[in-house]
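Working notes, beginning with the structure itself.
Throughout, read-outs are computed from the coordinates displayed, never taken from laboratory work. Since we're looking at a predicted model, the values are computed, not measured. Ideal geometry is used to build each Cβ from the backbone, glycine not excepted, and the neighbour counts take in all protein chains shown.
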């Protein structure tokens, strides 16, 4: 099973919203969905506005890391009112691969601003049903 837990993420986000801690409140941290089925673990990462060639995925040991940067397209100052709500900048997300995931089987596909990773489970980790015979 894949694992990732940041015990302070919600607290830090709340502090940033309340107190506006500089650039940290504008940091880009893509949303991630992690789910599994009997054959694979799936990771979907929202990366709108990022080119596929600017996304890096690597596996080192039992850690899968996704890196990239969302760049501001037009930073020229316009006359009048401005408001920037979208976050920009570099990001890195790391996930610990469990023993049941085959790190050699990572498949990555990028479509409609979503990076879809599929990690196959090792054969020994796949669930199998064992029939019980009456004696």
Along Cα→Cβ, 7 Å out, is where each label goes; now give me the distance between the ones at residue 83 and residue 123 in nm to one decimal. 5.8
If I stretch the segment between residue 134 and residue 65 completely, what's the gain in nm (0.36 nm per residue apart, minus their alpha carbon distance), one decimal? 20.0 nm
Ordering of 118-124, 86-92, 40-46 by packing [mean C-beta count within 10 Å, highest first]: 40-46, 118-124, 86-92
